[in-house]
Each structure stands twice: as structure tokens, then as C-alpha cells.
Amino acid sequence: MTFTICFIGANGTGGKIQKSFLFYYGNTMLLTIDIGNTNLTLGLYEGSDLTAHWRLATDHARMPDEYGLQFQGLLENAKHNKRDLTGICLASVVPQLTSRVVQACREYLDQEPFIVDVGIKTGIKVKYEDPKAVGADRIADAVAVNYLYEGPACVIDFGTATTFNAITKNGEYLGGAITAGITLATEALFTHAAKLPRIDLQRPPSIIGSNTVHAMQSGLLFGYVSMVEGMVERFRQELGPEMKVIATGGLAEIVAQETSVIQIIAPWLTLEGLRILWDLNHPR
């Protein structure tokens, strides 16, 4: 059983944001798994509380047994075991790994994962030209924003790709924009430009770099910040001036520190969406 309460709170920028939170009865324990191209992100929920989370490197060579043993180890690290689990909710944008992770969950956690796919209950209307082409992680993000913050909103996910996703005030997922992620761009420079080194993404001492590393850091970080600001303004022209801007993904905090257009940083937004999707499809 669920119920929803709403309150008005400051968003840190002087405006107001209405939030709707789902609260759950019972002692459910849900493992959420988001398989991305760069990271495999997991969260352990006790009711609606995220009590543990992990971000692992996606390894295309890892076998089901390796995943299974790793999952068991993570649960043990959180002082739990497979008998504590109520269920598993999984989203994947890496089809070749999905079956391996599913097999690991079956054999090592004794659970059949609930997979986010076309046809499940989401509570939102997907208005994309081909709904099946929308990544499961983007759907989970949209669902989380619709329930936790409400639209209109632009959700920016800083992953392997940087995606901008539009959610209307009526809870409709319109679509968005996709470009190469910052890490992908960094690797492209190293791979295709013979004299450019591989660098760590961090803030350089100044915008005008005095050496190659600082020049690359400036171009990548501040170039992406300018791109984000420009895209947010274009999205706002279509969604309206009240549009919220929510950032998620591993690099969200780094980018958000350099711009005022990002109002909310939600690093585990996809996991929250998976938790909500599980509850919508498993009413109690």
C-alpha cells in the first residue's frame, strides 16, 4: 500500500519546488540495478529509504558467476543476505549484459528481476515517436522526477552520453537531446589526437590554460558547462519559465559547481525511479 504527501520547499535558488514523495508500508527490501555503458549502479532500499548504494565499472567480460558473487559480497557489506530481499528491479541499456545479470540474480540471490521495459506501469505518458527506443534509464529518471519533483522539468543525465530529457507539468515524457558524454569526449581526444594526453576531469586553475592539460580541462569542463546552459535555455523556451533543472549521473556535481542553471543534484535519481517503478507494478 502507498500514500503520497506533498510539501513546498525552497530549491536553493530562491524559488519554490513542490515535491511528492511516495511512502511505503511494510518492511520491504528492494535491490535496484542500473546497467549502463560505463557504470553498473546498485541501490538497496528498505521501504523508501536508500540505505546503501554502489557504483561499479561496467565489465563486458564478466560472467554471471562473477556478478553473482559480487552481488552477494555487496549485500554482506550492507549487513544483509539474499533472504532479506523482497525483489530486484533492473534497468539496462547494455543488452549483452542483461541476461548475465539476470542469471546472476536467479542463481545467487534467488530472485527473478523485474525488468523495466515497454508495457510496464510507469505513471507517465511517453510521447516519443517510438517508445521502445527510449532507454530504460531515461524512463526511470522521468518517473522519479514526475513523482518527486513534478514537471515541467529538464533532466540532465551525465553518463557515457549526456542526455537532456523533457517532462511536462502533466507528467508526459516528450523526448530530449543526446550528445557525447564528457568522459567519452576526453577519451576521443586522447585516442584521435596524437599529442594530447589522457587527463582527469577537474577544474583547471583558469579558463585560459597555460599548458596542454589545463587547456584540455578548460575546454572539456567549461565547454560542457556552456553547452548545458545553452541547452537549458532552449528547453525552457519550449517547456516554460517555471521549468526545473535536475542533474544526475556520476559527473553531475562537477558540472553543477560551475553553473547556476542546475537547481537540483540527484546522483541516485535512476535508482529512485526503479524503486518507484517496482512499487507501481507490485501493489500491496
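Note on the range 237-251: residues that are under 17 Å from TYR173 (Cα atoms) and assigned to a loop (DSSP other than H, G, I, E, B) total 3. Looking across GLY273, GLY219, one residue alone is part of a helix (DSSP H, G or I) and more than 30 Å from PHE114 (Cβ to Cβ). It is GLY219. In the condition set (1) outside any strand (DSSP E or B); (2) among the β-branched types (Val, Ile, Thr); (3) modelled with pLDDT of 95 or more, VAL255 is compliant with all but (3).
Within the range 237-284, the set of residues being more than 30 Å from MET29 (Cβ to Cβ), of a type in the set (D, E, K, R) and surrounded by 20 or more Cβ atoms within 10 Å (Cβ to Cβ) comprises LYS244 only.
Filtering PHE222, PHE190, PHE235 for residues that are touching a Leu at 6+ places or on another chain (Cβ under 9 Å) and among the aromatic types (Phe, Trp, Tyr) leaves a single hit, PHE190. May I ask you to list pairs of residues, at least six apart or on different chains, whose Cβ atoms are under 6 Å apart, with the first in the range 182-200 being modelled with pLDDT under 85 and the second being surrounded by 15 or more Cβ atoms within 10 Å (Cβ to Cβ) and of a type in the set (S, T, N, Q)? Pairs found: LEU184/THR160.
No other residue among GLY209, GLY175, GLY181, GLY230 is within 22 Å of the chain's Cα centre (by Cα) and either of a type in the set (Lys, Arg) or farther than 24 Å from ASN39 by Cα (or both) apart from GLY230. Within the range 107-127, none of the residues are assigned to a helix (DSSP H, G or I) and within 22 Å of the chain's Cα centre (by Cα). Within the range 55-81, the set of residues being farther than 18 Å from LEU271 by Cβ and either surrounded by 15 or more Cβ atoms within 10 Å (Cβ to Cβ) or touching a His at 6+ places or on another chain (Cβ under 6 Å) (or both) comprises ARG62, PRO64, GLY68, GLN72. Within the range 45-78, being part of a loop (DSSP other than H, G, I, E, B) and farther than 14 Å from VAL102 by Cα holds for GLY47, SER48, THR58, ASP59, HIS60, ALA61, ALA78.
The values are calculated or read from the model by the stated rules, or taken from the named source; none is laboratory data. Small disclaimer: the values here were computed from a predicted structure and weren't measured. So basically every Cβ, Gly included, is an ideal-geometry build from the backbone, and we count neighbours across all protein chains shown.
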